[in-house]
There are 2 protein chains.
Amino acid sequence: MTNEPNIGLLAFLVYRHMEQRVMAEVIAAGHQVTLSQARLFERVDDAGSRLTDLAESAQLTKQSAAYLVDELVAAGYLTRSPDPRDGRARLITITDKGREAIALARTVEARVEAEWKARLGEDGVEELRALLLRLREIVDPYWTGPKADE
Amino acid sequence: MTNEPNIGLLAFLVYRHMEQRVMAEVIAAGHQVTLSQARLFERVDDAGSRLTDLAESAQLTKQSAAYLVDELVAAGYLTRSPDPRDGRARLITITDKGREAIALARTVEARVEAEWKARLGEDGVEELRALLLRLREIVDPYWTGPKADE
DNA sequence: TATAATAGTCAGACTATCTGACTAAATCAC
DNA sequence: GTGATTTAGTCAGATAGTCTGACTATTATA
């Protein structure tokens, strides 16, 4: 494989590094979360998510998502409650313990990005973010246009 | 999760898109390869790789790597032969069928990057690649410095 | 040459994933 | 408004891919 590294692979290395740095500190802080759980967890909306939406967003089956949500509920990071607006649905929401983990993750993310700034410069990192954001529009099926994010 | 998307997550979306596009076409072309197999396969060196190196590069245990290599050998994409320079080791090399799959993957990668150029411009894509390459140096543990790649 | 390190395999367990079949509730079509 | 269809989620079972621990064979080292 002696090739000009393609952008997909380079992006993977960046993504994996960030994920590993965050996971390492989250686990070091005593949180008992697996990678699969974390990947689903980070998609839970502040206002609560439905299982079906979570599954779609994470590109998993509902069954797989339910399995991971069960574990995250048992570990105290999420709760399920009936959705008042739809008797079939249940709302999955983040607990205080879950928010603590998110806060820690945000801290680590900021620290890693700071390291990247030391390498690429403030301008370089912002240029990178801008380019990736524009790519997101054609690369992320859950992108619904500017501002429609929330 | 109503946050300024961090670069790690944005990089993930880009990586996943490329991977899915490539896998979809590789499978459509009749190759019977799973994602896990492909992720290992793409790390096999042109000159042949050792299992231990593959495992380390893909961040798997030797056992897991061996399991995937077994499948790729059975499917005709790889072969194993004794390493003439080390009686303990075996050299894992790419078959002609494996090279066909790689050629196809390269074609799809080029097509996807062309789409990205339509969005970001030629300059934008090259700027993105340049930034990711510089980040690679601090983000990829198997990076051994310029030119030492081979 | 005895000891330690390295390359890989064997055996067994477990996590995360899937497919298929199902229940209950909401929505749609008259 | 009732019957058919769609939607949200669960239950049961299978499987892929991953791990840990223990082992063999070969090479390198003291």
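Among the residues making up the range B:51-63, those that are free of Cβ contacts under 8 Å to residues at least 60 places away in the same chain, open to solvent by less than 50 Å² (accessible area, probe 1.4 Å) and over 14 Å from residue B:94 (Cα atoms) are B:55, B:58. Being within 12 Å of chain A (Cβ to nearest Cβ), at positive phi and open to solvent by less than 60 Å² (accessible area, probe 1.4 Å) is true of residue B:48.
Checking each residue in the range A:2-18 for being farther than 16 Å from residue A:132 by Cα and surrounded by fewer than 20 Cβ atoms within 10 Å (Cβ to Cβ) picks out A:2, A:3, A:4, A:5. Residues considered: A:115, A:100. Of these, the only one that is surrounded by fewer than 17 Cβ atoms within 10 Å (Cβ to Cβ), closer than 30 Å to residue A:14 by Cβ and more than 10 Å from every other protein chain (Cβ to nearest Cβ) is A:100. Flag not set for residue B:69, criterion: open to solvent by less than 50 Å² (accessible area, probe 1.4 Å), within 14 Å of chain A (Cβ to nearest Cβ), within 14 Å of DNA strand C (Cβ to nearest atom) and of a type in the set (A, V, I, L, M). Reported count of residues in the range B:20-45, each being within 14 Å of another protein chain (Cβ to nearest Cβ), farther than 11 Å from residue B:105 by Cβ and open to solvent by 70 Å² or more (accessible area, probe 1.4 Å), is 2.
For residue A:79, indicate whether it is polar (S, T, N, Q), within 14 Å of chain B (Cβ to nearest Cβ) and either within 13 Å of DNA strand D (Cβ to nearest atom) or open to solvent by less than 50 Å² (accessible area, probe 1.4 Å) (or both). Here the answer is no, as residue A:79 does not meet what is asked. Taking every residue in the range A:88-100 that is small (Gly, Ala, Ser) and pairing it with any residue that is more than 7 Å from DNA strand D (Cβ to nearest atom) and part of a loop (DSSP other than H, G, I, E, B), at least 6 positions away or on another chain, the pairs with Cβ-Cβ distances below 9 Å are A:98/A:44; A:98/A:76; A:98/A:77.
The values are calculated or read from the model by the stated rules, or taken from the named source; none is laboratory data. Because the structure is a prediction, the values reported are computed rather than measured. All Cβ positions, glycine included, derive from the backbone under ideal geometry; neighbour counts span all protein chains shown. Note: areas computed on protein heavy atoms with side chains; ligands, DNA, RNA excluded. Shrake-Rupley method; radii C 1.70, N 1.55, O 1.52, S 1.80 Å.
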